[in-house]
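Working notes, structure below.
The values are calculated or read from the model by the stated rules, or taken from the named source; none is laboratory data. Computed from a predicted structure; not experimentally measured. Note that we place each Cβ from the backbone using ideal geometry, even for glycine, and neighbour counts take in every protein chain shown. In case anyone asks, the SASA skips ligands and DNA or RNA and just uses the protein heavy atoms, side chains included. Shrake-Rupley method; radii C 1.70, N 1.55, O 1.52, S 1.80 Å.
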Amino acid sequence: MKEKNNRGKFASKIGVILASAGSAVGLGNIWRFPTETGENGGAAFILLYICCILLLGLPVMISEFLIGRRTHADASTAFELLAPKHKQWHWVGRLGVLSGIMIFSFYSVVAGWTVNYTVQAALNRFNQMVPTGEGNVYGAYFNSFVSDPIMPTLYLVLFILLTHFVVARGIEKGIERFSKLMMPTLFLLLLVLAGFALTMEGAAEGLNFLFRPDFSKIDSSVVLSAMGQAFFSLSIGLGCLCTYASYFRKEVNLVRTAGSVAMIDTLVAIISGLIIFPAVYSVAGMEPSEGPSLVFVALPNIFHIAFSKLPILAYALPFLFYFLLILASLTSTISMHELITAYFHEAHHLSRKKATYLVTGICLFLGVLCSLSLGVGSSYTIGGMTLFDLFDYLTAKWMLPLGGLFTVLFTGWYLDRKIVWEEITNYGTLRFYGFRIFMFILKFIAPLGIFLIFLDQVGVFRWF
């Protein structure tokens with residue numbers, strides 16, 4: 001299949017890995033992973049999560065990689081090129097684009113919160129607050145901020161414009177260059193914060209929770225939670241990795257790249273646990289199962305109490321942590337923006353500049369509506385959900401699992417086995433002894449696992 005000459009490419013192997021890892025690494029690693037780990041028993045959950053990465057995440061990621069590189073096209077056009085006679089498959093790519101628009105819109109709202117918290121930490125506002133014993137002052141601040149009609153919107157706009165700036169610069173000068181800068185910075189911040197967290201009083205107890213498994217806590221619900229976290233942590237089923245792979249050079253080793261991305265993604269998640277759980281266990285009354293409020297309500301209180309005798313650290317650590325969240329959010333939104341931009345650019349023949357501005361405009365409009373739905377627009381609901389919650393619900397529980405399921409079914413059952421072999425082995429120049437095992441997982445294990453996640457997400461198991 002001929003490659004389009006006007007498309008960009010990643011210039012280096014490290015650029016490929018860091019950009020792809022950046023797409024996977026996001027708030028799901030630093031926010032959702034500790035939450036899921038805390039709510040599902042700690043170390044036993046992590047072991048299940050790693051198994052699910054290997055059995056479920058990698059096959060879907062490799063599928064997206066080979067579809068993208070084979071066609072050198074956006075996620076929607078890729079399915080059209082590989083299934084020209086069966087138009088129903090074309091909707092898999094379009095589903096990913098629609099999911100990307102919705103996720104980028106509401107995800108940027110949360111990313112805007114991280115920008116605000118970084119600014120507040122830089123101004124030392126959190127340490128100037130007078131927390132109650134339960135840290136309610138931070139909860140009151142958070143609720144007041146997210147319901148405000150102006151400030152969250154301004155931070156949302158700032159964040160989306162920052163994403164636009166990177167994507168508008170193109171593949172090599174924009175996405176690759178900034179990934180090379182942001183990902184090492186993100187890792188450095190993670191290691192610095194983990195180092196300080198391990199000096200806290202609750203470090204031993206936090207490490208015990210994180211690394212000593214209690215298999216008695218494993219049940220069907222924990223298994224499904226681990227599968228779901230593996231799926232969403234890698235940012236698969238959306239088409240971002242498929243789009244990035246369309247910019248891969250022909251010599252890129254897809255299996256090794258997928259393994260590197262999965263390893264980086266998992267390391268970020270575990271190091272995030274090294275930051276959060278020692279901190280949680282260092283403050284009386286805090287529990288590892290605090291839930292989503294952990295990052296924006298519990299952690300400011302934890303940092304304030306744990307380092308009250310060390311003013312410099314009490315100031316620096318919250319700032320570094322929330323700046324870390326900005327970087328993690330940005331690497332993900334860049335890939336989502338590129339997914340949608342490539343679609344409008346190639347499938348609808350807009351210039352790349354026009355496509356970039358169109359995507360920014362659409363997501364700004366929807367993002368503002370999502371932000372307002374948490375405050376002045378909270379009375380306007382669809383199915384009892386605000387627009388923010390609706391976008392979250394539809395994408396997380398329906399669209400992403402279905403996108404991942406259709407992707408592995410397409411690769412495992414529809415796509416010519418020869419095409420899969422050629423892409424994975426780079427036309428026979430690379431050895432891949434586990435090809436038959438990979439195809440078995442792709443055809444049977446991965447679809448079954450994703451289908452179970454889907455049933456769990458939509459609440460089928462709770463009906464019995």
Considering the stretch 1-22, residues that are assigned to a loop (DSSP other than H, G, I, E, B) and at pLDDT 80 or above, and then whichever is least open to solvent (accessible area, probe 1.4 Å), we arrive at Phe10
List pairs: first residue in the stretch 437-449 and touching a residue at least 60 places away in the same chain (Cβ under 8 Å), second residue part of a helix (DSSP H, G or I) and among the aliphatic types (A, V, I, L, M) anywhere in the structure, Cβ distance under 6 angstrom, at least six positions apart or on different chains.
Leu442/Val408; Ile445/Leu55; Ala446/Leu56; Ala446/Val408; Gly449/Leu56; Gly449/Met227
Is it true that some residue in the stretch 52-61 is closer than 25 Å to Phe209 by Cα, part of a helix (DSSP H, G or I) and either of a type in the set (D, E, K, R) or in contact with a strand residue (DSSP E or B) (Cβ under 8 Å, 6 or more places away or on another chain) (or both)?
no
Scan of the stretch 395-414 for residues that are hydrophobic (A, V, I, L, M, F, W, C) and open to solvent by 10 Å² or more (accessible area, probe 1.4 Å), ordered by number:
Ala396, Trp398, Met399, Leu400, Leu402, Leu405, Phe406, Leu409, Trp413
Tally, over the stretch 299-312, of residues that are surrounded by fewer than 21 Cβ atoms within 10 Å (Cβ to Cβ) and over 15 Å from Glu201 (Cα atoms)
2
If Phe432 passes every condition in (1) open to solvent by less than 50 Å² (accessible area, probe 1.4 Å); (2) outside any helix (DSSP H, G or I) but one, which one does it miss?
(1)
Let me spell it out: the conditions are (1) assigned to a helix (DSSP H, G or I); (2) open to solvent by 60 Å² or more (accessible area, probe 1.4 Å), and Leu390 meets all of them except one. Which number is the exception?
(2)
Can you tell me which residue is nearest to Arg431 (Cα to Cα) among those in the stretch 217-257 that are among the small types (Gly, Ala, Ser) and in contact with a Pro (Cβ under 9 Å, 6 or more places away or on another chain)?
Gly237
Looking at the stretch 266-285, which of the residues that are in a loop (DSSP other than H, G, I, E, B) and closer than 14 Å to Met200 by Cα is modelled with the highest pLDDT?
Ser282
The stretch 23-51 - residue that is open to solvent by 10 Å² or more (accessible area, probe 1.4 Å) and part of a loop (DSSP other than H, G, I, E, B) and, of those, nearest to Asp392 (Cα to Cα)
Asn40
Working only within the stretch 70-93, note down all residues that are free of Cβ contacts under 8 Å to residues at least 24 places away in the same chain and open to solvent by 70 Å² or more (accessible area, probe 1.4 Å).
Pro84, Lys85, Lys87, Gln88, Trp91
Any residue that is of a type in the set (Asp, Glu), surrounded by fewer than 17 Cβ atoms within 10 Å (Cβ to Cβ), in contact (Cβ under 8 Å) with a residue 60 or more places away in the chain and closer than 30 Å to Met102 by Cα - is there at least one of those in the stretch 213-226?
no
